[in-house]
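*Asks:* There's a structure below that I have some questions on.
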Amino acid sequence: MFVAIIVIVIVVIAAASVLLLANRQRAATGNLSRETRKRDHDATAGESTAAGTELELSEEARARADEAAAQAGAPAVRRRGDITVWEPVDEEEIGVTRRQFLNRGILVAMLGALGTFGASLLAFLWPSSSGGFGGTINAGKLSDINAYIATNAQPFYVPEARTYIQPYPKADLPAAKKVYDDYIYASMEKGIVALYQKCVHLGCRVPWCQSAQWFECPCHGSKYNRVGEKRDGPAPRGLDRFQSIISGDNVTVNTGLLSVGPPIGTNTTGQVAEGPHCVG
């Protein structure tokens, strides 16, 4: 959830930056560049200097020229030094310029790309609500699970949930109640515990050691008893565990709700190794 919030914040900041850049470009549209203003200033200065040289035409000649032009219907000629009044341009009359169209097109494309990227990233990071790891997975019937454990003297493995299901002794429930979360203890009361297969040291999958009746990690030698409580090795705590829900005779494992393993020193069952270790 925290990662999803960070992704949303990044996408919003990127979109805001793009909008700010587009607004700056739109505000700059129609403004004269520094070089153009300098050329106009130089030309105006040159015109002022040359104004004194216009002595070849007398006022009378200018009047005759204006009169002839008016009779012919020709537009009046602007003389040097005349001031032209600037009038604002109607944006509706101009419409959308090519630069505005391109800017808006680029903005829409960038926002679409950012939105698609953000949505795909959220879909990748967001855990699925049902089906597959990260959701609720059907583990089977409780009677079948208990029969398998009793017959094979090993935990029942649910590959879709990456979970071992082990029985929990009812005689040890008072000690467990002091250690485990309520939703984990609720399944212990009904006789089972669902252990995540990942070693809490560096993430290796922890196999079951049949001879010792413990979970023993082959990567760095961490060892856990039958119910996943840490007994030896570099692991900082016991195996993490999932909520298991028992409805009638059906067992489901909620892999979206993880409970951190018990601290070092926890041994609610008092189980010791029952044979040779698989990992030295």
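*Asks:* Mind telling me which of the residues Lys170, Lys198, Lys190 ends up being of a type in the set (D, E, K, R), free of Cβ contacts under 8 Å to residues at least 60 places away in the same chain, farther than 16 Å from Phe242 by Cβ and surrounded by fewer than 23 Cβ atoms within 10 Å (Cβ to Cβ)?
*Replies:* Details: Lys198 fails: farther than 16 Å from Phe242 by Cβ; Lys190 fails: farther than 16 Å from Phe242 by Cβ.
Of Lys170, Lys198, Lys190, the one residue that is of a type in the set (D, E, K, R), free of Cβ contacts under 8 Å to residues at least 60 places away in the same chain, farther than 16 Å from Phe242 by Cβ and surrounded by fewer than 23 Cβ atoms within 10 Å (Cβ to Cβ) is Lys170.
*Asks:* Tell me which strands (runs of 3 or more DSSP E) are completely within the stretch 217-280 and hold 3 or more residues being at pLDDT below 95, or say none if there are none.
*Replies:* By residue number, 241-247, 250-259.
*Asks:* Could you tell me which numbered condition Thr255 fails, if it satisfies all but one of (1) within 16 Å of Gln197 (Cβ to Cβ); (2) surrounded by fewer than 17 Cβ atoms within 10 Å (Cβ to Cβ); (3) in contact with a helix residue (DSSP H, G or I) (Cβ under 6 Å, 6 or more places away or on another chain); (4) not hydrophobic (A, V, I, L, M, F, W, C)?
*Replies:* (2)
*Asks:* I'd like the full set of residues that are under 33 Å from the mean Cα position of the chain (by Cα), of a type outside the set (Lys, Arg) and within 14 Å of Tyr185 (Cα to Cα), limited to the stretch 219-252.
*Replies:* Those that are under 33 Å from the mean Cα position of the chain (by Cα), of a type outside the set (Lys, Arg) and within 14 Å of Tyr185 (Cα to Cα): Asp240, Phe242, Gln243, Ser244, Ile245.
*Asks:* If you don't mind, there's one more thing I want to ask. Within the stretch 174-215, which residues are among the acidic types (Asp, Glu) and either closer than 19 Å to Lys141 by Cα or in a helix (DSSP H, G or I) (or both)?
*Replies:* Passing the criteria: Asp182, Glu189.
The values are calculated or read from the model by the stated rules, or taken from the named source; none is laboratory data. Keep in mind it's a predicted model, so treat the numbers as computed, not measured. Backbone-built Cβ (ideal geometry, glycine too); neighbour counts: all protein chains shown.
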